[in-house]
Each structure stands twice: as structure tokens, then as C-alpha cells.
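Values in this text are rule-based calculations from the coordinates and carry no lab data. Predicted model only: the values in this text are computed from it and were never measured. So basically every Cβ, Gly included, is an ideal-geometry build from the backbone, and we count neighbours across all protein chains shown.
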Amino acid sequence: MDFEELKKREAQVMCQTYGRYPLAINTAKGTHLVDYEGKTYLDLLAGISVCNLGHSHPEIVEVMRSQAEKLVHVSNLFYQEEQVVLAEKLLPLTGLDRVFFCNSGAEANEGAIKLARRYMQEIQGRDAYEIITLEKSFHGRTLATLTATGQQKIKQGFGPFPPGFTTVPFEDITALTQAVSSKTAAVLVEVIQGEGGIRPLSDTYLQQVAALCKERDILFIVDEIQSGMGRTGDFWAHQHSGIKPDIFTAAKALANGLPMGAVFCSKRVAEAFGPGSHGTTFGGGAFVAAIATKVLEIMERDDLVARCRKLGTWFMQECVAVQKEFPDKITDLRGRGLMIGIELAFPGHDVWKRLLDMGFVLNLTQERVLRLLPPLIITREELARFICALRTVLSSLA
Ligand SMILES: *Cc1c(COP(=O)(O)O)cnc(C)c1O
């Protein structure tokens, strides 16, 4: 396949919504991606925190094969054993009581927003519907989740937006407290902003938000779509700060590459989602549910969360060492576990491109943050290769 020709054909048939990498992937296995020329790349992105077990994990491939022959889709009009087995396995990891399965992150957040509003209006009998979110947050691309998202640039041209959303400054508890009114239904935050540049909220702030929500009797919703599923060295990033949200959402890594989302909530909140109130044709169908169950089994057996924590701690120390050598080039290091942001003192496109040419796939976000979300199965040696490449690129800069 000729890459230039593929680019041209793509532009003639597809909406140009993506600023794509100058790369087409032909095959992927484990932590490696291979392009059409046979060049191999180390995957430090995992399809944006999705393929945590790496690509074409043999046990996942085997479940896909056997489940495809057993049952793929019948719709949520039917009881499906695969779905119940998954929920029974997932819920004990969440500290919550009920789950609603869907197909993507945006759909999970959309569901969480609907659930919070309906809980207020139908269960509590309060005319409360407003959702408060933070600046630089990212919650999805549907109209409601886009409205919830605290980034002006991706909202351009899509108005008018649905009412009932307010955005307040990052980690400013005073501003948040002032924004809460009798119309407030919930506060929605990412524990570590992903798209926003790997920006963690402090434990103190998260505890203050939890206390505020409790005091004002509003719901605390956490978006764990990017930070969940072991990524930060805890199963969910919010567990680190000891808070207990009323609702939280997951998606990306749930089914290791197949589309799946989930909304977790307490039993009391779940009462608002009675029969006919909300739904989806595909969500949590037998095929993806069987895969997600296998993902959890593998994570547990291989102790991937503890492994991620250890590897992440080591990797951050390595990054700190590089920062000490290049204090004028690396201005900040943020993150936890294997969710890491390396902030540069200058726009990072050239550094990103040099690393890509050297065979390292990662993401650049907010113009100057190198974002790393490698598969959780990555090895120390592979990460050390990246550190070595980063040194080479930084030292070659004027
Ligand atoms: C990716 C992401 C979403 C949106 O998920 P989609 O599956 O792309 O709809 C929402 N919130 C966060 C924090 C994300 O990282």
C-alpha cells in the first residue's frame, strides 16, 4: 500500500475530523505497531489508553473467537448471562452497587448526566439539573458532554448548547462552592485530566469536592474513562484519594479495544433508571461483555494494577532524571502510574515527530505536553528505550 495514495483516497471519502498522524498501521501485536513498510513502533499510547493488555492478546483473541461462535448480539430486550457475569466481577472493584453498560465514553458520561438529573427530579423531587464541570476538562463529543467539556476550541460552531451546564476554574474550591445553587444536580470531574494535559486534581481538592457535594446534597460524578482500569496504579484513579463518588464512568480500556462504556452508581441513585428510562441497542452485549470479563481475569491473574504502580514509579524517577539534565526544556512532569505527561517549555510538535521517526508512538496534547499511556503490559526495558530516545532528541535541540 502506498501511503500518499491512501491519504489522498481518505480525503476523498471521509469527513476530515481528525488531525491524523502521518502513519497507517497495518498490524499490531503486544506493545508494537507495524506500518505498511514493515517499520515497527513501540506503542506508548495504547489506542488512547484502550489496549491496556496490548494488541491481539492471545487470550482475548481466543475469547473473541469462541464468543463469536456462541452469541454476539441479541439486544438488551433479552437477559444475557455474559453481561451479568461481567457486572458481578466489576462491581466489587468499584465500591458501588449498580452498572449501566453502553458503547463509548461520551455515551457513559451522557448517561451519568441523565442519571443525575433524573435522580434529582424523580427521586428527590427537586428542580435541580445543573452540572458543574472544570476548565480544560474533556468529557466527550455529544452535545451534552461537549457542553460539559471545559475547552472552548472544540465547541466552536456547535451552539446553541443545552442549558444547565457551568464550568469553573481548575482546582478552585471557592469558585466551585460559589457555583453551587439550588439548581445544581452534580459536580463532574476527571481525577486526572487526560486530554487537558495530564493534570491531576490534588487529594485535598477531591476531598473538599466530596465534602461539598455531601453538605449540599448533590451528586459527585467522576469521569474515569481515561484514568480507570488500572492505568494510574489503582484500579480507579479516585481510589487513591479515598473519595467515594456517587456515580462514575468508565470506557476506553474496558474491553481492550472493543467499544464499551459503563456508568456505575449507588443503589439509591440507580432507582432513577427504571424500566424504559434509558437504554442502548448494543451496550454491554454478549460479545463485548465476554471480552471485558476476560480482561478483568487477566488483569487480576497477572497483577497488572500493582505492576503498573511499580513500573510507573520507576518510570517517573527516570523522567525526573531527564528533567534534571534538561531543566530548560522540560518544565513539568505530571501523572500517576502509567498515565504520564511531560510538559515542554515550547510547542512540542518537532520533539513528538522526531520520536515518531525514531519508532515511538505517543501523543502530544495541549500543544506542549507529551502524553504517554502505554499498554500496562509494557516492560521496563521498553520504557528505558523511550527514555534513551527522549534524551537523544532533547540533547539535539539548540
Ligand atoms: C476519551 C474520553 C472521553 C470520551 O470517550 P469516547 O469513547 O471518545 O466518547 C470522555 N472522557 C474522558 C476523560 C476521556 O478521556
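Once both axes come from the Cα atoms, what is the angle between helix 286-301 and the longest principal axis of the chain, in degrees from 0 to 90, rounded to 10?
Between the helix axis and the principal axis of the chain, the angle is about 70 degrees.
What per residue convex hull volume, in Å³, comes out for the range 1-87 when only alpha-carbon positions are used?
Value for the range 1-87: 177 Å³ per residue.
Answer with one residue from Gln156, Ala144, Thr249: the one whose Cα lies farthest towards the positive end of the charge dipole of the chain, charges on Cβ with Lys, Arg +1 and Asp, Glu -1.
The Cα lying farthest towards the positive end belongs to Gln156.
Relative to the longest principal axis of the C-alpha atoms of the chain, give the angle of the C-alpha long axis of helix 3-13, reported between 0 and 90° and rounded to the nearest 10°.
Orientation of helix 3-13: about 30 degrees from the principal axis.
Amide H to amide H, which residues 5 or more places from Leu45 or on other chains are under 5 Å from it, using H placed in the peptide plane?
Distant-sequence amide H within range of Leu45: Leu373.
Filter the cross-link list Lys136/Lys267; Lys114/Lys214; Lys29/Lys294; Lys39/Lys353 down to pairs whose alpha-carbon distance in this structure exceeds 24 Å.
Violating the 24 Å Cα-Cα cut-off are Lys136/Lys267.
Report relative contact order for the range 86-143 in percent, whole number only (criteria: Cα-Cα under 8 Å, sequence separation at least 6).
31 percent
From the backbone phi of the range 75-86, what are the Karplus-calculated ³J(HN,Hα) couplings (6.51 cos²θ - 1.76 cosθ + 1.60, θ = phi - 60°) in whole Hz, Gly and Pro given as x?
Karplus-based 3J(HN,Hα) across the range 75-86 equals 5, 7, 6, 10, 5, 10, 4, 4, 5, 5, 4, 5 Hz.
How would you rank 179-191, 350-362, highest first, on the average number of other Cβ atoms within 10 Å across their residues?
With the highest mean Cβ count within 10 Å placed first, the list reads 179-191, 350-362.
Which of the peptides 112-121, 77-86 is most tightly packed, and how do the rest follow, judged by the mean count of other Cβ atoms within 10 Å per residue?
112-121, 77-86
By per-residue mean of other Cβ atoms within 10 Å, what is the highest-first order of 235-244, 89-98?
235-244, 89-98
Please compute the contact order of the chain in relative form: average sequence separation of alpha-carbon pairs under 8 Å and at least six residues apart, divided by the residue count, as a percent.
This gives 22 percent for the chain.
Aspartates and glutamates within cross-link reach of Lys155: Cα-Cα under 16 Å, excluding same-chain residues under 8 positions apart?
Glu135, Glu195
Could you give each residue of the range 182-197 its phi-based ³J(HN,Hα) in whole Hz, using Karplus coefficients 6.51, -1.76, 1.60 with θ = phi - 60°, and x for Gly or Pro?
Couplings: 5, 8, 6, 9, 7, 10, 10, 9, 8, 5, 10, 5, x, 3, x, x Hz.
Residue by residue through the range 370-379, which ³J(HN,Hα) values in whole Hz follow from phi under the Karplus form 6.51 cos²θ - 1.76 cosθ + 1.60 (θ = phi - 60°), with glycine and proline marked x?
Rounded to whole hertz, the list is 6, 9, 10, 9, x, x, 5, 8, 4, 9.
Expressed as an acute angle from 0 to 90° and rounded to the nearest 10, what is the orientation of the C-alpha long axis of helix 203-216 relative to the principal long axis of the chain?
Approximately 20 degrees, to the nearest ten.
Along the Cα-to-Cβ line of Glu122, 7 Å from the Cα, sits a label point; which residues in the range 256-299 have backbone N less than 12 Å from it?
269-279
What percent of all Cα-Cα pairs in the chain falls into each 10 Å bin, going from 0 up to the bin containing the maximum distance?
5, 22, 31, 27, 13, 2, 0
Based on Cβ point charges of +1 for Lys and Arg and -1 for Asp and Glu, what charge dipole magnitude is obtained for the chain about its Cα centre, in debye rounded to the nearest 20?
Once rounded to the nearest 20, the dipole reads 280 debye.
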